[in-house]
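Since the structure comes first, as structure tokens, the remarks are kept for the end.
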Amino acid sequence: GVEKITIFTGYRTDVSRLLRGMDIFALPSEVEGQPVSIMEAMHAGLPVVAARAGGIPEVVASGETGFLCEPGNLDELCHTLIRLVESHELRQKMGLAGRERIQHHFSAERMTRRFEGLYERCLNKKKI
């Protein structure tokens, strides 16, 4: 019955505008690679509630920038969302911490340096 209260927008080019209208970002995926959508939400200053799956724990510092739940545990997910809904102060604190984490650890410059380092290590091993 979620289709009655959910808008499935399809492809969007204005994600940052949509994120500005949100208070919390939730991603309960049971399987996830590198969570770019979470990075965008954190950059927008949103606290995150997500499943502890794939690359999500690398990005979300549970208890600091949001909360991680066990994949498929809907009770834990709901409890955590309610906790954030009920605390404006906690949302603000986690949102600011998330934005700082993204800027410090996942900026384009930082990621470029990390890839360059990886390529250099691979090239050096190949020469041996």
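The table below lists the values:
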quantity	calculated
Qualifying residue in the stretch 46-53 (condition: at pLDDT below 95 and either over 23 Å from residue 105 (Cβ atoms) or outside any helix (DSSP H, G or I) (or both))	no
Scan of the stretch 76-102 for residues that are within 13 Å of residue 25 (Cα to Cα) and hydroxyl-bearing (Ser, Thr, Tyr), ordered by number	80
The stretch 93-115 - residue that is open to solvent by less than 100 Å² (accessible area, probe 1.4 Å) and over 15 Å from the mean Cα position of the chain (by Cα) and, of those, farthest from residue 23 (Cα to Cα)	112
Selection within the stretch 69-96 - within 13 Å of residue 51 (Cβ to Cβ) and of a type in the set (Gly, Ala, Ser)	72
Qualifying residues in the stretch 20-45 (those that are closer than 19 Å to residue 80 by Cβ and not in a loop (DSSP other than H, G, I, E, B)) - the one nearest to the chain's Cα centre (by Cα)	38
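The values are calculated or read from the model by the stated rules, or taken from the named source; none is laboratory data. Please read these numbers as outputs of a predicted model, since none were measured by experiment. All Cβ positions, glycine included, derive from the backbone under ideal geometry; neighbour counts span all protein chains shown. Areas reflect the complete protein model, heavy atoms only, side chains present, ligands, DNA and RNA absent. Shrake-Rupley method; radii C 1.70, N 1.55, O 1.52, S 1.80 Å.
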